[in-house]
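Read through the structure below, which is laid out as structure tokens, and then see the notes.
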Amino acid sequence: MIAFSRYRASDLVGTGAFASVWRAYDDQLAAPVAIKVLAEHWAQRPGVRERFLQEARLLRQAASPHVVQVYDLGEADGRPYFVMAFADQGTLQDLLDQGPPPLPEAIDLMRQICAGVADLHRLGVIHRDLKPANILICGTPEGGRRLLVADLGLAKAAADPTGLTIAGTPGYMAPEQRQPGGSIDERTDVHALGAIVFHLLTGQVPAPDAHSPRRLRPEVPAAVDEVVVRALDPVRERRWDSVEAFERALVAAAAGGGAGRVWRLRRLLRRLPRVWVYGMAGLCAGTGVAAALLIPDSPKLEGTDVPAEYRGLIVEAGTWCNLEGLSPALIAAMLKAESGFNPKLVDTPKDEYGIARWTPRVLQWYLSPGMDAKQAALDPEIAIPKMGELMCRYGPQVADVPGDPALKLAAVYRTSSDSVREAGGIKPALRPYTDRVRAFLADYGS
């Protein structure tokens, strides 16, 4: 039995190629923990040792409710170890061993997994080995389940241009991972997420030809099939370009059957001449999908100074998720306060650009690898919807902070959720901005 400082190890939970995991108890905090320790025969290899410690650092930096937390780091018998949250309900693989869950349950599980992976991507980390055995499950006080992404032993920085040895797990690995020196990006993890939802819905690990259509359960809407098929596409450029895009499409498809197709069509239709769009909607009349295909102008924005060409984008951003305070009127008010609807705004001293005044180093976290963040900030097609995405990601973190829900979201966008939480509301220095947003909100009908 290894002695882990103040932690009392009780039993071996699992053993892998490089490390083992022990269940232990923290006497000082009176809480169960899990301890991951590097295997003895690897402990003297500096490269492997550093990679093990890097995993602990990445987990700690993620600071995500859906990425396993690291509490402590130490060494026992010359072997480094780190202390993590203990998953009292095992892994997603353990759950799958009981059979595939119902569709609503599977979608809820995927939303949590996607949230953790998206947080890793914002940190600039590609996981590379997502699979059910690497997803931990913790019980909540309310009797629910919280999923945690774990095991970053194969993770790499998205900006790392160096080639890597082939690594991953068959059935979940993207084709590019099987190529020595093959480049990877966020879409590599999207492929693995598609494989996980395939496993959840079929009870089977995807076969190499899983990208062919109609592979899921008969009762699963065809739109869900389409979303998963796209995630598993062997051609990386044809997959969903981000975890967030995949998650939104999956949730929409499960909720509305054809919503997965609708999500993809909306952006296409906005780029067509208006007469074409209404003509296509006319062709769909009576089918029940005409209204869904279009992102309509908000009636409350008509007759205002909100440029007509941006109204569809504003509605998209303002309905990105179901979040108290978020609305098209709020997005319009913020754009008015940020730039006066000027898509060519350049504020070099503040490093802010475009209609939404994005700072490129912030916007970069919401873009696919290789995209120029400054150019994206100057493109309203990207900059406006990404406002909704940011607030949907960080807005829930200030839900319990006192204040007007819409103005708190504006403050989160202009500063950060941490800043709003630390101040217990909107900082005095930010009130001139939120006062302008409040005034414009009244103008736009909210």
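The values are calculated or read from the model by the stated rules, or taken from the named source; none is laboratory data. Predicted model only: the values in this text are computed from it and were never measured. We place every Cβ from the backbone using ideal geometry, glycine too, and count neighbours over all the protein chains shown.
Out of Leu323, Leu345, Leu367, which single residue is surrounded by fewer than 24 Cβ atoms within 10 Å (Cβ to Cβ), under 20 Å from Ala115 (Cβ atoms), of a type in the set (A, V, I, L, M, F, W, C) and in contact with a Gly (Cβ under 7 Å, 6 or more places away or on another chain)?
On the way: Leu345 fails: under 20 Å from Ala115 (Cβ atoms); Leu367 fails: in contact with a Gly (Cβ under 7 Å, 6 or more places away or on another chain).
Of the residues listed, the single one that is surrounded by fewer than 24 Cβ atoms within 10 Å (Cβ to Cβ), under 20 Å from Ala115 (Cβ atoms), of a type in the set (A, V, I, L, M, F, W, C) and in contact with a Gly (Cβ under 7 Å, 6 or more places away or on another chain) is Leu323.
Scanning region 351-377 for residues that are assigned to a helix (DSSP H, G or I) and either in contact with a strand residue (DSSP E or B) (Cβ under 8 Å, 6 or more places away or on another chain) or modelled with pLDDT of 95 or more (or both) yields a total of 5.
Of everything in region 393-409, what is part of a loop (DSSP other than H, G, I, E, B) and touching a residue at least 24 places away in the same chain (Cβ under 8 Å)? Give them in sequence order.
Restricting attention to region 393-409, the residues satisfying the condition of being part of a loop (DSSP other than H, G, I, E, B) are 399-404.
The answer is Ala399, Val401, Asp404.
Quick test of your reading of the structure: Phe82 fulfils all but one of (1) over 15 Å from Ala24 (Cα atoms); (2) in a strand (DSSP E or B); (3) not aliphatic (A, V, I, L, M). Name the failing condition by number. If we test Phe82 against (1) over 15 Å from Ala24 (Cα atoms); (2) in a strand (DSSP E or B); (3) not aliphatic (A, V, I, L, M), just (1) comes out false.
Taking region 50-69 as the range and being surrounded by fewer than 18 Cβ atoms within 10 Å (Cβ to Cβ), under 25 Å from Leu29 (Cα atoms) and either β-branched (Val, Ile, Thr) or within 23 Å of the chain's Cα centre (by Cα) (or both) as the test, the residues that pass are Arg57, Arg60, Gln61, Ala63, Pro65, Gln69.
Which of the residues spanning region 32-48 are free of Cβ contacts under 8 Å to residues at least 40 places away in the same chain and either assigned to a strand (DSSP E or B) or surrounded by fewer than 15 Cβ atoms within 10 Å (Cβ to Cβ) (or both)? Hits for region 32-48 are Glu40, His41, Gln44, Arg45, Pro46, Gly47.
Scan region 217-258 for residues that are part of a helix (DSSP H, G or I), over 19 Å from Thr202 (Cβ atoms) and of a type in the set (D, E, K, R) and the total you get is 6.
Within region 157-177, the presence of at least one residue that is part of a loop (DSSP other than H, G, I, E, B), at pLDDT 90 or above, outside the structural domain of Gln69 (by TED's automatic domain parsing) and under 16 Å from Ala231 (Cα atoms) is confirmed.
Condition check ((1) touching an Asp or Glu at 6+ places or on another chain (Cβ under 8 Å); (2) among the hydrophobic types (A, V, I, L, M, F, W, C); (3) closer than 21 Å to His127 by Cβ; (4) outside the structural domain of Val125 (by TED's automatic domain parsing)) across all residues:
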site: Ala30; (1), (2), (3), (4): no, yes, no, yes
site: Ile35; (1), (2), (3), (4): no, yes, no, yes
site: Pro46; (1), (2), (3), (4): no, no, no, yes
site: Asp77; (1), (2), (3), (4): yes, no, no, yes
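For Pro380, state whether it is surrounded by 19 or more Cβ atoms within 10 Å (Cβ to Cβ) and either under 24 Å from Ala308 (Cβ atoms) or touching a residue at least 60 places away in the same chain (Cβ under 8 Å) (or both). Taking the combined requirement at face value, the residue satisfies it.
With the structure loaded, tell me whether Asp72 is surrounded by fewer than 13 Cβ atoms within 10 Å (Cβ to Cβ) and of a type in the set (D, E, K, R) or whether it fails that test. Talk me through it step by step, then tell me what you get.
Working: surrounded by fewer than 13 Cβ atoms within 10 Å (Cβ to Cβ): no; of a type in the set (D, E, K, R): yes.
No, not satisfied.
Here region 410-434 is the region considered, the condition is being part of a loop (DSSP other than H, G, I, E, B) and not aliphatic (A, V, I, L, M), and the residue that is nearest to the chain's Cα centre (by Cα) is Ser416. Of the set (1) surrounded by fewer than 18 Cβ atoms within 10 Å (Cβ to Cβ); (2) over 18 Å from the mean Cα position of the chain (by Cα), all apply to Tyr394 but (2).
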